[in-house]
Amino acid sequence: MSRLAYLGVLAFIALGTVWLELALRTRVFTRLGRLVLAIVPVAALFFLWDAYAIAHDQWSFDPRLVTGWVLPLNVPIEELLFFLVVPIASVLTYEAVRSVKQWPGGDETTDRLTP
């Protein structure tokens with residue numbers, strides 16, 4: 001097994017969705033403040049949850065599949081990246097579908113909405 005397996009999966013997820021920003025002009029990264037507010041608080045909670053589970057031997061990571069780079073509280077860097085990459089990919093996918101279907105997202109003014 002490769003020590004880059006976890007990072008490889010994250011890269012696959014990122015590459016599978018980041019192109020949507022350019023191709024469909026989803027504007028996810030141009031509204032960075034909104035993205036940070038949506039993702040960072042949840043990522044922080046999950047990070048602490050993982051740290052607790054790791055500290056109490058309720059959760060572990062196969063050392064053959066991670067790089068070995070460990071953040072404070074003994075959480076592998078791949079786990080923090082998971083909490084960032086997957087939600088960003090989800091938001092990109094949602095915004096891409098909204099763009100193609102021309103669905104309102106709740107933040108547009110009513111004069112721009114079409115039935």
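The values are calculated or read from the model by the stated rules, or taken from the named source; none is laboratory data. Remember, it's a predicted structure, so these values are computed and weren't measured experimentally. So basically every Cβ, Gly included, is an ideal-geometry build from the backbone, and we count neighbours across all protein chains shown. Accessible surface is based on the protein model in full, side chains and every heavy atom, while ligands, DNA and RNA are left aside. Shrake-Rupley method; radii C 1.70, N 1.55, O 1.52, S 1.80 Å.
Couple of notes before you dig in:
- Every residue from the range 9-23 that is open to solvent by 100 Å² or more (accessible area, probe 1.4 Å) and farther than 23 Å from Q102 by Cβ: F12, L15
- Residues within the range 24-45 that are hydrophobic (A, V, I, L, M, F, W, C), open to solvent by less than 80 Å² (accessible area, probe 1.4 Å) and assigned to a helix (DSSP H, G or I), tallied: 8
- Checking P63, P104 one by one, the residue that is in a loop (DSSP other than H, G, I, E, B) and open to solvent by 80 Å² or more (accessible area, probe 1.4 Å) is P63 and no other.
- Single residue of the range 52-87 satisfying the filter (under 18 Å from L4 (Cα atoms) and among the acidic types (D, E)) that is modelled with the lowest pLDDT: D62
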